[in-house]
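> One structure follows; several queries about it will come next.
The values are calculated or read from the model by the stated rules, or taken from the named source; none is laboratory data. Worth saying up front: this structure is predicted, and the values here are computed from it rather than measured. Every residue, glycine as well, gets a Cβ built from its backbone with ideal geometry; the counts of neighbours run over all protein chains shown. Ligands, DNA and RNA are stripped out before the accessible areas are found, and what is left, the full protein with its side chains, is counted by its heavy atoms. Shrake-Rupley method; radii C 1.70, N 1.55, O 1.52, S 1.80 Å.
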Amino acid sequence: MADQTLRADGRRDDQLRPLRFQNHIAPYASGSTLVEWGNTRVICGVTIEETVPRWMKEQNVTGGWITAEYSMLPYSTLTRKPRDISKGKLDGRSSEIQRLIGRAMRAALDLEKIGARTICVDCDVLQADGGTRTAAITGSFVALSLAVNKLRAANKITENPVIHSVAAVSMGIVNGRALLDLCYTEDVAAAVDLNLVMNSSGQFIEVQGTGEEATFSEAELADLLTLGKAGIKELIAAQQNAIAQG
């Protein structure tokens, strides 16, 4: 029988941390939100450029493009994290995460319907307590939707390009227990880490699973995915409420 004791922060094994979106946090962005997820806080801002990357022009690719950048601010962690610019190159982890955000957002929209535009998604971590990439993806979809609504209100696009809502959540095995939405202390203690990106149709966009000096079984993977899929449904409902508030 599974251990039924509550986690360090009082949650059940299948419970998300408290989640809140504060929209329009960046007034000059086309769409923005501050996602507060437990003690993790990420600003997601979207700007729109009326052009497309050079490679699209050279290859005669029609429609638009979505790109993303991700950064952790120096004071977002317990010890100061130097800015990438001070090292002269992008941190490998940041590069991986921003590519993931870009893939997730491109899966959310019909790029033909946004026209010859580039949508730039910027995610800046103000405070990190686990799950910064999943918070960035979940918040980015809200900011992206607000930006799309602004394009439609200005009659710059005629059709809604949103195909599906997209959200992400973390899971892990900690002390033999499958847990949803790991905070930092759980994340560092996890024998298995898994990040899940899905859309509102229940389709997978990305599954990132790693045994941290450990292995995991097919049954354990199934348990983690069950937790994650239920969490994604809750996140998408929260996103829709945030978007509906405008």
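> All but one of (1) in a strand (DSSP E or B); (2) under 19 Å from Ile66 (Cα atoms) hold for Phe21; state the number of the condition that does not hold.
(2)
> Turning to a different aspect of this structure: Out of all the residues in the range 171-198, which are open to solvent by less than 10 Å² (accessible area, probe 1.4 Å) and not aliphatic (A, V, I, L, M)?
Once the filter is applied, which keeps residues that are open to solvent by less than 10 Å² (accessible area, probe 1.4 Å) and not aliphatic (A, V, I, L, M), the range 171-198 yields Gly172, Asp181.
> Quick one: in the range 126-150, which of the residues that are among the aliphatic types (A, V, I, L, M) and open to solvent by 10 Å² or more (accessible area, probe 1.4 Å) is nearest to Thr40 (Cα to Cα)? Before the answer, list the steps.
Just the residues of the range 126-150 that are among the aliphatic types (A, V, I, L, M), to begin with: 126, 128, 135-137, 142-144, 146-148.
Subset that is open to solvent by 10 Å² or more (accessible area, probe 1.4 Å): 126, 128, 146.
Values: Leu126: 8, Ala128: 5, Leu146: 22 Å.
Looking at residues that are among the aliphatic types (A, V, I, L, M) and open to solvent by 10 Å² or more (accessible area, probe 1.4 Å), I get Ala128.
> Shifting gears a bit: Within the range 83-119, count every residue that is without any contact (Cβ under 8 Å) to a residue 60 or more places away in the chain and open to solvent by 60 Å² or more (accessible area, probe 1.4 Å).
Of all residues in the range 83-119, those without any contact (Cβ under 8 Å) to a residue 60 or more places away in the chain come to 83-99, 101-102, 106, 109-115.
Now narrow it down to the ones that are open to solvent by 60 Å² or more (accessible area, probe 1.4 Å): 83, 85-90, 93, 96, 99, 106, 112-113.
So the answer is 13.
> For the range 181-228, how many residues meet the condition of being in contact with an Asp or Glu (Cβ under 8 Å, 6 or more places away or on another chain) and part of a helix (DSSP H, G or I)?
3
> How many residues does the range 202-236 contain that are among the hydroxyl-bearing types (Ser, Thr, Tyr) and either open to solvent by less than 70 Å² (accessible area, probe 1.4 Å) or touching a strand residue (DSSP E or B) at 6+ places or on another chain (Cβ under 8 Å) (or both)?
Residues of the range 202-236 that are among the hydroxyl-bearing types (Ser, Thr, Tyr), as a first pass: 210, 215, 217, 226.
Still in the running and either open to solvent by less than 70 Å² (accessible area, probe 1.4 Å) or touching a strand residue (DSSP E or B) at 6+ places or on another chain (Cβ under 8 Å) (or both): 210, 217.
Total meeting the criteria: 2.
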